[in-house]
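One structure is given here, and the rest of the page talks about it.
The values are calculated or read from the model by the stated rules, or taken from the named source; none is laboratory data. Because the structure is predicted, anything quoted here is derived from the model rather than measured. Virtual Cβ from ideal backbone geometry, glycine too; neighbours counted across all protein chains shown. In case anyone asks, the SASA skips ligands and DNA or RNA and just uses the protein heavy atoms, side chains included. Shrake-Rupley method; radii C 1.70, N 1.55, O 1.52, S 1.80 Å.
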Amino acid sequence: MRVVLAEDLFLLRDGLVRMLEAYGFEILAAVESGPELSRALAELEPDVAVVDVRLPPSHTDEGLQCALAARRARPGLPVLVLSQHVEQLYARELLADGSGGVGYLLKDRVFDADQFVDAVRRVAAGGTAMDPQVILQLLTRQRAQDRPVNRLTPRELEVLELMAQGRSNTAIAAQLVVTERAVAKHTSNIFAKLRLDVSEDDNRRVLAVLAYLDGR
């Protein structure tokens with residue numbers, strides 16, 4: 001799997017390169033600025049881009065904007081964005097086109113190699129990987145507004161959080177130590193209570209849930 005990586009901190013960039021290579025990824029380019037990222041994405045056509053939100057020269061959201069521009073030029077380009085802090089606006093911009101192949105993780109997650117690599121692979125395969133903290137913030141806002149999410153049971157909320165992170169029924173069942181049939185039942189109940197259309201496609205299901213939590 002071919003990766004373009006953008007991170008301005010040398011030690012973190014070098015560590016990510018070494019980690020990804022150890023898991024069998026091919027690093028096409030490891031860059032440190034927005035202009036370099038734009039060129040690499042346009043010229044190298046990676047399978048997935050792993051991008052820090054804040055890159056030189058602006059140190060604002062240049063990394064994210066470069067990635068979004070690349071997705072407009074090449075629809076469906078898988079992009080996993082890394083951020084120091086939770087910013088719901090970043091997640092919203094990534095999800096705006098309603099397609100998969102996107103992820104948003106806090107940088108702390110990269111220190112769990114298995115979790116980080118799983119997220120990269122999921123995004124590269126066209127799936128979604130959203131940081132648990134992003135989902136927690138969205139859920140907290142929904143519950144404060146007395147939305148239908150308050151009708152969910154504690155177990156259904158657990159399933160919803162994992163589903164919104166981009167987990168499949170199989171992965172949710174493994175994490176909660178229940179059967180896939182039980183997860184499917186919880187999922188059906190969640191969609192009924194939130195009045196969402198049921199889909200057999202994991203990614204469409206995740207995007208529907210994220211759109212609901214984001215109030216769209």
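Among residues of region 165-186 that are part of a loop (DSSP other than H, G, I, E, B), those with a beta-carbon under 7 Å from a residue that is modelled with pLDDT under 95 at least six positions away or on a different chain give the pairs G166/R122; G166/G127; G166/T128; G166/A129; G166/M130; G166/V206; S168/D202. Can you find a residue in region 84-95 that is of a type in the set (G, A, S) and over 20 Å from A208 (Cβ atoms)? No, region 84-95 contains no residue that is of a type in the set (G, A, S) and over 20 Å from A208 (Cβ atoms). If you go through region 149-176 and keep only what is surrounded by 16 or more Cβ atoms within 10 Å (Cβ to Cβ), in contact with an Asp or Glu (Cβ under 7 Å, 6 or more places away or on another chain) and either hydroxyl-bearing (S, T, Y) or modelled with pLDDT under 95 (or both), you end up with S168, N169.
For region 78-110, the candidate set comprises residues that are part of a loop (DSSP other than H, G, I, E, B) and open to solvent by 60 Å² or more (accessible area, probe 1.4 Å); within that set, the residue that is modelled with the highest pLDDT is Q84.
Can you work out which of the residues in region 177-215 that are open to solvent by 50 Å² or more (accessible area, probe 1.4 Å) and among the hydroxyl-bearing types (S, T, Y) is nearest to D97 (Cα to Cα)? Ranking the qualifying residues of region 177-215, first place goes to S188. Checking the structure you have, find out if any residue of region 42-55 is touching a Gly at 6+ places or on another chain (Cβ under 7 Å), under 20 Å from G126 (Cα atoms) and not aliphatic (A, V, I, L, M). Yes, region 42-55 has at least one match.
Within region 187-216, residues that are farther than 27 Å from E87 by Cα and at pLDDT below 75 reach partners that are among the aliphatic types (A, V, I, L, M) and open to solvent by 20 Å² or more (accessible area, probe 1.4 Å) with beta carbons closer than 7 Å, at six or more positions or on different chains, in the pairs S199/A208. Elements of the type helices (runs of 4 or more DSSP H) sitting completely within region 6-77 and holding at least 1 residues that are within 16 Å of Y90 (Cβ to Cβ) and open to solvent by 20 Å² or more (accessible area, probe 1.4 Å): these cover 62-73.
Quick one: A113 ticks every box in (1) touching a residue at least 60 places away in the same chain (Cβ under 8 Å); (2) touching a helix residue (DSSP H, G or I) at 6+ places or on another chain (Cβ under 7 Å); (3) open to solvent by less than 10 Å² (accessible area, probe 1.4 Å); (4) farther than 21 Å from G34 by Cα except a single one, so which number is it? All conditions are met except number (3).
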